[in-house]
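Reviewing the structure listed below.
The values are calculated or read from the model by the stated rules, or taken from the named source; none is laboratory data. Everything quoted here is computed from the prediction, not taken from an experiment. Counting neighbours? That spans all protein chains shown, and the Cβs are built from the backbone with ideal geometry, glycine included. In case anyone asks, the SASA skips ligands and DNA or RNA and just uses the protein heavy atoms, side chains included. Shrake-Rupley method; radii C 1.70, N 1.55, O 1.52, S 1.80 Å.
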Amino acid sequence: MAPGSAAPIDVRLRRTAEADLDFVLALEHHPDQLPFIGQWTRDEHRDAIAREDREHWIIERASDGMSLGYLISYDVRAAGYGIYIKRIALAEKSRGVGRAALRAFIDQRAYAAVGFVDVPLTPAERADITATVDPFPPECLVMRIAR
Ligand SMILES: CC(C)(COP(=O)(O)OP(=O)(O)OC[C@H]1O[C@@H](n2cnc3c(N)ncnc32)[C@H](O)[C@@H]1OP(=O)(O)O)[C@@H](O)C(=O)NCCC(=O)NCCS
């Protein structure tokens, strides 16, 4: 969807899993990306997923869960450099998805800063929540305070 269009860009982020790495590696090593981003091995991506001080996210279309790209960040607050966005890459560019993904990332960081964590939900659980409270669009995350 083109930036400036009236239609919302239904992007959300979810943690990258092992099963996503074929998608991540194919995107990262595609010739279109080579001038812009570094190329990691599968093990380097696994390391970023596993490390406490790194985050690895799939950028997906909220309406159907289609993978659109990925984002990697480092938490370097202890060194005084805040949250460093190491890499963001999208399969289809210039449609406003990059800015929507960055907005979602920043929103998540703000909630996380006060103790919220993602609650992964099945479609049935999500439908149950929206029936209990008010309906909300598919790109909205459900979060709770970590205990
Ligand atoms: C960088 C990237 C993530 C941006 O996502 P996107 O969905 O293409 O960007 P958006 O459509 O949200 O556009 C945001 C702004 O980025 C800039 N932009 C987007 N695509 C661009 C392109 N092909 N060339 C130059 N600038 C571009 C524009 O300034 C745009 O703002 P504008 O529409 O007001 O002019 C994406 O283009 C990408 O994957 N690029 C290759 C990898 C890369 O360079 N990653 C960043 C370094 S790690």
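Between Ile37 and Leu25, the simple label model (points 7 Å from Cα in the Cβ direction) yields a spacing of 1.5 nm. The accessible surface of the chain, taken with every protein chain in place and a 1.4 Å probe, is 57 percent carbon and sulfur. Between Glu55, Glu92, Glu125, the GNM of the chain built on Cα springs shorter than 10 angstrom shows Glu125 fluctuating the most.
Other residues with beta-carbon under 15 Å from the beta-carbon of Ile37 carry, at +1 per Lys or Arg and -1 per Asp or Glu, a net charge of 0.
Kindly report the accessible area of the chain per residue (heavy atoms of protein chains, probe 1.4 Å, no ligands, DNA or RNA), in Å². Kindly include the intermediate steps, with their values, before the conclusion.
Details: 9040 Å² over 147 residues.
For the chain, the per-residue accessible area is 61 Å².
Summing charges over neighbours of Leu141, with a neighbour being any other residue whose Cβ is under 13 Å away from its Cβ, gives +2 when K and R count +1 and D and E count -1. When the square roots of the Cα gyration tensor eigenvalues are ordered a ≥ b ≥ c, the ratio a/c for the chain is 1.5 or more and a/b does not exceed b/c, which makes its shape oblate.
Whole angstrom only: what separates the Cα centroid of segment 52-108 from the Cα centroid of segment 23-45? What the calculation gives is 15 Å, centre to centre. Rounded to the nearest 20, the size of the Cβ-charge dipole of the chain about its Cα centre is 420 debye, with Lys and Arg at +1 and Asp and Glu at -1. Sorting 95-105, 19-29 by their mean Cβ neighbour count within 10 Å, with the most densely packed peptide first, gives 95-105, 19-29.
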